[in-house]
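The values are calculated or read from the model by the stated rules, or taken from the named source; none is laboratory data. Everything numeric in this text was worked out from a predicted model, so none of it was measured. Don't worry about glycine lacking a Cβ; one is built from the backbone with ideal geometry, like all the others, and counts go over all protein chains shown.
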């Protein structure tokens, strides 16, 4: 038992030393601008352009692998739908007309990152899983029902997933510029008009990465 513990301790020490020698940061913190093109999958309502920003943190386990947490918030944008013929629903009739509401969005995801680092750049790919929050569908639905009798709840919190990657360019040992992170984002908000619940979206991120430990 003591021999096994000694071997594990030595392995960890040498592993940390090699990790530091590679110049790989142990921890990265990113502040970013984010743009999302959100596909509403709702007839009469075009895709929405969300602008916002947030942050990411990444814990690295060697030169090629890390775990990331991603948090983004998007400011309110107007949702407008044109109804060209009356639509019956279980809660009333949606008459012909143009209906508007406002909605924001928040996403939170976690997952693995794999990448290749050189002295100048870091190219990476990622798969993130988590959730999102928005009152867009419910607020618009409630707005359309005659007499305001609709009772859809405000924010939904559906499953959300992002698959993509990006490019960082180092500006020193502790700072890098994230020139681009491009992701396909799946959200599963329930559309109360049609009961569909898959939205296929595009996301861009750009910002500044601060690196800590391992590269001193």
statement: The correct count of residues that are without any contact (Cβ under 8 Å) to a residue 40 or more places away in the chain and buried (at least 17 other Cβ atoms within 10 Å of the Cβ) in region 120-136 is 2
query: In region 192-208, which residues are modelled with pLDDT under 90 and crowded, with 19+ Cβ neighbours inside 10 Å?
result: 192, 193
message: Quick check on residue 49: is it within 20 Å of residue 187 (Cα to Cα), touching a helix residue (DSSP H, G or I) at 6+ places or on another chain (Cβ under 8 Å) and at pLDDT 80 or above?
response: no
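Restricting attention to region 96-132, which residues are in contact with a helix residue (DSSP H, G or I) (Cβ under 6 Å, 6 or more places away or on another chain) and within 13 Å of residue 144 (Cα to Cα)? So that I can check it myself, show each step before the final result.
Step one: of region 96-132, the residues in contact with a helix residue (DSSP H, G or I) (Cβ under 6 Å, 6 or more places away or on another chain) are 99, 101, 103.
Within region 96-132, 99, 101 qualify.
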- prompt: Scanning for something more than 19 Å from the chain's Cα centre (by Cα), crowded, with 20+ Cβ neighbours inside 10 Å and either at pLDDT 95 or above or farther than 30 Å from residue 59 by Cα (or both), does region 104-119 turn up at least one residue?
  reply: no
task: Could you grab me the full set of residues in region 143-166 that are buried (at least 17 other Cβ atoms within 10 Å of the Cβ) and at pLDDT 75 or above?
output: 156, 160, 161, 162, 164, 166
